[in-house]
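Asks: Pasting a structure below so you can have a look.
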Amino acid sequence: MPAASLEQLASLCKRRGFIYPSSDIYGGLQGVFDYGPLGVELKNNIINSWWSTNVYARDDMEGLDASILMNRLVWKYSGHEETFNDPLVDCRQCKGRWRADHIKGKCPSCGSSDLTEPRPFNMMFKTAIGPVADSDSFAYLRPETAQGIFANFGNVLATTSRKLPFGIAQVGKAFRNEINPRNFLFRVREFEQMEIEFFVMPGTDEEWHDRWLEDRLSWWESIGVPRSKIQIYDVPKDGLAHYSKRTYDLMYDYPTLGYEEIEGIASRSDYDLGSHSRDQENLGLSAKVSPNRDSVAKLTYYDQANNRHVVPFVIEPSAGVGRCFLAVLSEAYDEQLVKEPAADKVEAVRGALESFAKSVGRNDKMSDEQRDAIMAQAEHIGADLAHNLPQIEQLLAMPGADGIEVGKKLRGVAQPVVDEFYRTVLHLKPHLAPTKVAVFPLKRNHDGLVSMAKGIRSDLQMNANMRTVYDDTGAIGKLYRRQDEIGTPFCVTVDFESLENGTVTVRDRDSMQQERILAKELEQYVREKSR
Ligand code: GAP
């Protein structure tokens, strides 16, 4: 069952070290996040899966890693200086600043409708290059990785033997000064993009656009984001970006947010290569571009069969790593009842939940919105308590709830029941799981068990290149739960029989079934089961 809310995911990410707020020790920085030990593994695995499918599994792709800082002229001719704007409004009452198309004519902070007229706000971050910061020395942090690919089109063509159609793939940071970053990783100011610019003969672009749509949907499916959760939005003409001839937005059904863009697949025609070329009047461009007197290149392709130079058309599938990370976590997330808790335990929790709700109702230190939100959540949990009991931890983390004294009692009664009867599990595809294998010795103070378990850990990690952890800090049941919560597909236990015959038990995360296999066959076992 996918996650019910973004808060549920954010809470797991914080608790288990997937994501931290940036600069946490100084109160954070809005719209910027850090990936922790498990987050960086999951993120790298997502990127590797994307690269492997889009570069290695095809024979029409090259890779690239272009710089973040580029000559300012790139952003002049790409059209970003002029058009990469969001509509900004100010609230005259509380001085809040908002993106006009994200609020419905009312200030979300104070509720006033006394707003200024929307005006364009350019989202590119500026920085100074070199020791003197004057009007000539600035550069932009790139707002998309795409322009690094267009600027290198001629280089890649000259240094490889590629013929059309072919593509260039790139993964890298992009920066946007979003007016209101929000919704955890969904809208941030610093993020990573996985982008492809696929160059085709003019006239074949519509066919390739549809082929890429299918290919991208297959990849989403392969990482556990099913087609049934993605809607294809054919962006209407008046909603298209300045470079686009046609765009399919893939809209994923995010918890809390509903359908929002996870990837854009744009048909960019000859706009970008044409914009960055000199002598445009002789190129037969179909896109409307600004005259370019600065470029030293003609970004064309020599069509040998017809003895002519053409400016290729471009299909661009572009996905954000953070939005992908959220979708993958959301699909994998599950809270399961492992065995039915005794009725008296559930009733004890119900009593504590009711006292908590009464106390919230009487509390005058929180805002009305906070109180309504907490009461609604408490009511939702109480309606099917045996099933929703694990959500009590998120209830207690809601804004305003930390001031409720009886919350501590509720946690004290609920937590042992959650630990004993429930598990949170991430059913991540094994190739994405941050940790592939966890190894436990049955006893932590037995030299033989510890040494064999540590040997398995280092063998799998160093020789088989599988992220493997060793843990002996609790009872085996508790260690299983800990690994379930971070999506580790296999837990290996070394016991006394292991010392006698070289076998270990392997417990499967999803079925919770165990089997005994030879330790020396673990690598092959994990590889086969991970396919
Ligand atoms: N080169 C095309 C391009 O950048 P885009 O639709 O602006 O197109 C592509 O961005 C993808 O980048 C989006 O589908 C989304 O996944 C991600 N993205 C864009 N802005 C973002 C933001 N502020 N925070 C997180 N991800 C973002």
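The values are calculated or read from the model by the stated rules, or taken from the named source; none is laboratory data. Just so you know, these numbers come straight off a predicted model, no measurement behind them. Positions of Cβ are backbone-derived with ideal geometry, glycine not excepted, and every protein chain shown enters the neighbour counts. Side chains included, ligands, DNA and RNA excluded: accessible areas come from the protein's heavy atoms. Shrake-Rupley method; radii C 1.70, N 1.55, O 1.52, S 1.80 Å.
Asks: Convex hull volume of the Cα atoms in region 436-493, per residue, in Å³?
Replies: Roughly 62 Å³ of hull volume per residue.
Asks: What are the extents of the Cα atoms of region 379-432 along their three principal axes, listed from largest to smallest and rounded to whole Å?
Replies: Here the Cα extents, ordered largest to smallest, are 43, 23, 20 Å.
Asks: Right, something else. Percentage of Cα-Cα pair distances in region 224-332 greater than 17 Å, rounded to whole percent? Walk me through the intermediate numbers first.
Replies: Details: 3671 of 5886 pairs.
For region 224-332, the share of Cα pairs beyond 17 Å comes to 62 percent.
Asks: So, one more: Which value results for Rg/Rh of region 1-150 when Rg is the Cα radius of gyration and Rh the Kirkwood radius based on the inverse mean 1/r?
Replies: Working: Rg = 20.4 Å, Rh = 19.7 Å.
Rg/Rh for region 1-150 comes to 1.04.
Asks: Sticking with this one: Accessible area per residue, 1.4 Å probe, Å², for region 334-390: what's the number? Let's see the in-between values first.
Replies: Numbers: 3250 Å² over 57 residues.
Normalised by residue count, the accessible surface of region 334-390 is 57 Å².
Asks: OK, next. Going from most exposed to least, what order do HIS309, HIS242 have by accessible area with a 1.4 Å probe? Intermediate results must be reported in sequence, preceding the final value.
Replies: Details: HIS309 125, HIS242 70 Å².
The ranking, largest first, comes out as HIS309, HIS242.
Asks: In Å², what does the accessible area per residue of region 41-183 work out to with a 1.4 Å probe?
Replies: Working: 7090 Å² over 143 residues.
Per residue, region 41-183 has an accessible area of 50 Å².
Asks: Follow-up. Once you keep just the Cα pairs under 8 angstrom separated by 6 or more residues, what percentage relative contact order results for region 1-137?
Replies: Values: 120 pairs, mean separation 17.6, N = 137.
So the answer I get is 13 percent.
Asks: Quick one: how many Å² of GLU497 are accessible to a 1.4 Å probe, rounded to 10?
Replies: Around 80 Å² of this residue is reachable by solvent.
Asks: Under the Karplus relation 6.51 cos²θ - 1.76 cosθ + 1.60, θ = phi - 60°, what is the ordered set of whole-Hz ³J(HN,Hα) values for region 361-368, x standing for Gly and Pro?
Replies: x, 8, 6, 10, 8, 9, 6, 4
Asks: ASP210: accessible area at probe 1.4 Å, nearest 10 Å²?
Replies: 80
Asks: A follow-up question, please. FRET efficiency for SER137 and TYR26, Cβ-Cβ distance as r, R0 = 30 Å, nearest 0.05?
Replies: On the way: r = 28 Å, r/R0 = 0.95.
The formula returns an efficiency of 0.60 here.
Asks: Using only alpha carbon pairs under 8 Å that are at least six residues apart, calculate the relative contact order of region 464-508 and give it in whole percent.
Replies: Working: 25 pairs, mean separation 12.0, N = 45.
The normalised contact order for region 464-508 reaches 27 percent.
Asks: Structure shown: which of LYS43/LYS245; LYS163/LYS237; LYS43/LYS104; LYS43/LYS229; LYS95/LYS173 lie over 29 Å apart, alpha-carbon to alpha-carbon? Working shown, then result.
Replies: On the way: LYS43/LYS245 31 Å; LYS163/LYS237 31 Å; LYS43/LYS104 35 Å; LYS43/LYS229 21 Å; LYS95/LYS173 32 Å.
The pairs that break the limit, which is 29 Å between Cα atoms, are LYS43/LYS245; LYS163/LYS237; LYS43/LYS104; LYS95/LYS173.
Asks: Additional query: Take the Cα pairs of region 322-392, get the Kirkwood Rh, then feed it into Stokes-Einstein at 20 °C and 1.002 mPa s and tell me D in µm²/s.
Replies: Numbers: Rh = 14.2 Å.
Rounded to a whole number, D works out at 151 µm²/s.
Asks: Unpartnered cysteines of the chain (Cβ-Cβ under 4.7 Å counts as a partner)?
Replies: If one checks each Cβ against the other cysteines of the chain, CYS13, CYS324, CYS491 turn up with nothing under 4.7 Å.
Asks: Once R0 is set to 56 Å, what does the formula 1/(1 + (r/R0)^6) return for the Cβ-Cβ distance between GLU521 and GLU214, expressed as a FRET efficiency to the nearest 0.05?
Replies: Details: r = 38 Å, r/R0 = 0.68.
Here the calculated transfer efficiency is 0.90.
Asks: Let me ask you something else. State, to one decimal in nm², a quarter of the convex hull surface area for the C-alpha atoms of the chain, i.e. the direction-averaged projected area. Don't skip to the end; give the middle numbers.
Replies: On the way: hull surface 122.8 nm².
Average of the hull's projected areas for the chain equals 30.7 nm².
Asks: From Cα pairs below 8 angstrom and at least 6 apart in sequence, can you work out the relative contact order of the chain, rounded to a whole percent? Show your work: numbers first, answer last.
Replies: Numbers: 936 pairs, mean separation 64.6, N = 531.
That works out to 12 percent.
Asks: With all protein chains present, calculate the accessible area of VAL89 using a 1.4 Å probe and round the result to the nearest 10 Å².
Replies: The accessible area of VAL89 comes to roughly 10 Å².
Asks: Can I ask one more? For THR160, project a label point 7 Å along Cα to C-beta. Then give me every residue of region 306-325 with its amide nitrogen under 16 Å of that point.
Replies: Within reach of a label on THR160, which here means backbone N under 16 Å from a point 7 Å along Cα→Cβ, region 306-325 contributes 312-317.
Asks: Using unit Cβ charges (K, R positive; D, E negative) and no other charged atoms, how large, in debye to the nearest 20, is the dipole of region 279-420 about its Cα centre?
Replies: About 400 debye.
Asks: Cross-link partners among lysines for LYS409, C-alpha distance below 27 Å, same-chain residues fewer than 8 apart left out?
Replies: List returned: LYS14, LYS339, LYS345, LYS358, LYS365, LYS478.
Asks: Near the amide H of GLU192, under 5 Å away, which other amide H atoms are found, from residues 5 or more places off or on another chain, if H is placed in the peptide plane?
Replies: ALA174, VAL321, GLY322
Asks: With a point put 7 Å past each Cα toward its Cβ, work out how far SER52 is from GLU281 in nm, to one decimal.
Replies: Once both label points are built, they end up 5.3 nm from each other.
Asks: Once R0 is set to 45 Å, what does the formula 1/(1 + (r/R0)^6) return for the Cβ-Cβ distance between ILE129 and ASP334, expressed as a FRET efficiency to the nearest 0.05?
Replies: Details: r = 49 Å, r/R0 = 1.09.
Calculated transfer efficiency: 0.40.
Asks: Same structure again: Could you check how much of the accessible area of the chain is carbon and sulfur, as a whole percent, using a 1.4 Å probe?
Replies: Carbon and sulfur: 49 percent of the exposed surface of the chain.
Asks: Quick check: with the 1.4 Å probe, what order do TYR233, TYR26 take by accessible area, largest first? If you can, show how the numbers build up before the last one.
Replies: Numbers: TYR233 105, TYR26 185 Å².
Highest to lowest solvent-accessible surface, that is TYR26, TYR233.
Asks: Okay, next question. So if I place +1 on the C-beta of Lys and Arg and -1 on the C-beta of Asp and Glu, and nothing else carries charge, what would the dipole magnitude of the chain be about its Cα centre? I want it in debye, nearest 20. Show your work: numbers first, answer last.
Replies: On the way: 65 positive and 77 negative charges, 166 e Å.
The calculated dipole for the chain is roughly 800 debye.
Asks: To continue, here is another question. Please report the antiparallel percentage of the DSSP beta bridges confined to the chain, to the nearest 5.
Replies: Details: 69 of 81 bridges.
Antiparallel bridges make up about 85 percent of those DSSP assigns within the chain.
Asks: Go through GLN8, TYR56, ILE46 and say which Cα lies farthest out towards the positive end of the charge dipole of region 1-66; charges sit on Cβ, +1 for Lys and Arg, -1 for Asp and Glu.
Replies: Farthest along the dipole direction, towards plus: GLN8.
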